[in-house]
Amino acid sequence: MATSNSPFLSLIIFLSIPLLSHSEPQLSLDYYKATCPDFANIVTETVTTKQIATPTTAAATLRIFFHDCMVDGCDASVLIAPNKFNKVERDNELDHTLPGDGFDVVTRTKTALELACPMTVSCADILAQVARDLVVMVGGPNYPVLLGRKDSLASQLNDVEPNIPQPNMTMDHIINLFESKGFTVHEMVAVVGAHTLGFAHCSEFADRLYQDPDMNPKYAEALKKFCSNYTKDPTMSAFLDLYTPGKFDNMYYQNLLKGLGLLSTDQMMAEDPRTRPFVERYAANQTAFFVDFAEGMQKMGTIDVKTGDEGNIRRRCDVFNTVRT
């Protein structure tokens, strides 16, 4: 029998997931077959080199992909760098901690693709494909990535806060936010499983260390000591998955059932009767998590995509084109 991390399971997951019926008709799996036939190979080669050199890249890119898709759709608007003329998404405080390695791997991939097929591949498609390849690299499931997105023509600071889950939100608020993007509670719990990778800054969870009865007391005490100087050093952070932070697995859900969720919004999923059954399911069955996460990521990647004249292909991912293309 294949194990949960075997290539056979990834292949089964890839072949068993149907294309989403709500996807834009312009998106397809072979969108660049004629115009950039080496697209997939170039992405994989660039991603592999970056992840081996910097193992935090997978978590970083997943977080950026999530922030991009949740705010006005998967259109690379989060990639636009701040400048003195326009307050963009990355100027919002919620995006200040988006990791640089995620932006770097997209930039490297765009540079390589521009050499092979200039002004052909959108930054939005690059981000989606890179995120998938990185999930696979760290042991997660494979899944099909629909392609054909255009890059946004705008990026606005004020669009971020209403669309990104925050540590002080109630479960009602978070469920409503995901429902507004077309996700069921079941799908929400699955895609939040991306927290099996990465870290959170102490400022995002410090308050709950002193007042959250659902948190494992020994874990809380250890974090109090670890984060004792976070006000002086705002870069201090802790892994979201205490035991296997660099491996894509179901340990995140197992941790939640033990009161070892780092963020209050994560731990609430193990306590709320609407979400706990799915936490328990994924904690007990990694294959079920992988299948549902793969479906959720495919769905995430088609939120409000720009096609046709709604966007363009950027020459650089961090700046708008001076002339529409």
>> Can you give the Rg/Rh ratio of the stretch 176-283, where Rg is from the C-alpha atoms and Rh is the Kirkwood radius?
In response: 0.98
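How large a share of the accessible area of the chain, in percent, is made up of carbon and sulfur atoms when the probe is 1.4 Å and the other protein chains stay in place?
Ligands and nucleic acids excluded, carbon and sulfur give 56 percent.
For the chain, which span is the longest to avoid every loop-located (per DSSP) member of trypsin sites (Lys or Arg not before Pro) having at most 13 other Cβ atoms inside 10 Å?
Within the chain, the longest run free of exposed trypsin sites (Lys or Arg not before Pro) spans 85-231.
Between Lys225 and Asp104, what FRET efficiency follows from the Cβ-Cβ distance if R0 is 30 Å, with the result rounded to 0.05?
0.40
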>> 5 Å is the cut-off here: which amide hydrogens, built 1.01 Å from N in the peptide plane, fall below it relative to Lys150, excluding neighbours closer than 5 in sequence?
In response: Lys306, Thr307
> How many Å³ per residue does the convex hull of the Cα positions in the stretch 228-325 occupy?
Replying inline: 186 Å³
> How fast does the stretch 88-238 diffuse by Stokes-Einstein, in µm²/s, taking the Kirkwood radius from C-alpha pairs at 20 °C and 1.002 mPa s?
Replying inline: 116 µm²/s
> To the nearest 10 degrees, how steep is helix 39-53 against the longest Cα principal axis of the chain, on a 0 to 90 scale?
Replying inline: 40 degrees
>> Before I look further, what does the stretch 235-282 give for accessible area per residue, probe 1.4 Å, in whole square angstrom?
In response: 40 Å²
> Under 16 Å from the Cα of Lys181, which lysines turn up, not counting those fewer than eight places away in the same chain?
Replying inline: Lys299, Lys306
> Can you list the lysines whose alpha carbon is less than 18 Å from that of Lys232, not counting same-chain residues fewer than 8 positions off?
Replying inline: Lys224
> Which semi-axes, in whole Å and largest first, does the equivalent ellipsoid of the stretch 18-114 have when worked out from the alpha carbon gyration tensor as the square roots of 5 times its eigenvalues?
Replying inline: 24, 19, 14
> With each run of n ≥ 4 DSSP H residues scored as -39500 (n - 2.57), what mean residue ellipticity at 222 nm is computed for the chain after dividing by its residue count and rounding to the nearest 500 deg cm²/dmol?
Replying inline: -13000 deg cm²/dmol
>> Show me the chymotrypsin sites (Phe, Trp or Tyr not before Pro) within the stretch 208-241 that DSSP assigns to loop and that have at most 12 other Cβ atoms within 10 Å of their Cβ.
In response: none
> Rounded to whole Å and sorted largest first, what semi-axes of the equivalent ellipsoid does the C-alpha gyration tensor of the chain yield via the square root of 5 times each eigenvalue?
Replying inline: 31, 23, 18
> So who's got an amide H within less than 5 Å of the one on Ser237, skipping anything under 5 residues away but keeping other chains? H placed 1.01 Å off N, in plane.
Replying inline: Cys202
>> If you fit an axis through the alpha-carbon atoms of helix 171-180 and take the longest principal axis of the Cα set of the chain, what angle between them do you get, 0 to 90°, nearest 10?
In response: 20 degrees
>> Counting heavy atoms of the protein chains only and a 1.4 Å probe, report the per residue accessible area for the stretch 121-222 as a whole number of Å².
In response: 36 Å²
> So, with +1 on the Cβ of K and R and -1 on the Cβ of D and E, and no other charges, what is the size of the charge dipole of the chain about its Cα centre, to the nearest 20 debye?
Replying inline: 580 debye
> Is the stretch 92-162 rounded, prolate or oblate when judged by the Cα gyration tensor, a ≥ b ≥ c being the square roots of its eigenvalues, rounded requiring a/c under 1.5 and prolate requiring a/b larger than b/c?
Replying inline: oblate
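The values are calculated or read from the model by the stated rules, or taken from the named source; none is laboratory data. Being a predicted model, the structure only gives us computed values, none of them experimental. A quick note on method: Cβ atoms are made from the backbone with ideal geometry, for glycine too, and the neighbour counts reach across all protein chains shown. These accessible areas exclude ligands, DNA and RNA; they are computed on the full protein's heavy atoms, side chains included. Shrake-Rupley method; radii C 1.70, N 1.55, O 1.52, S 1.80 Å.
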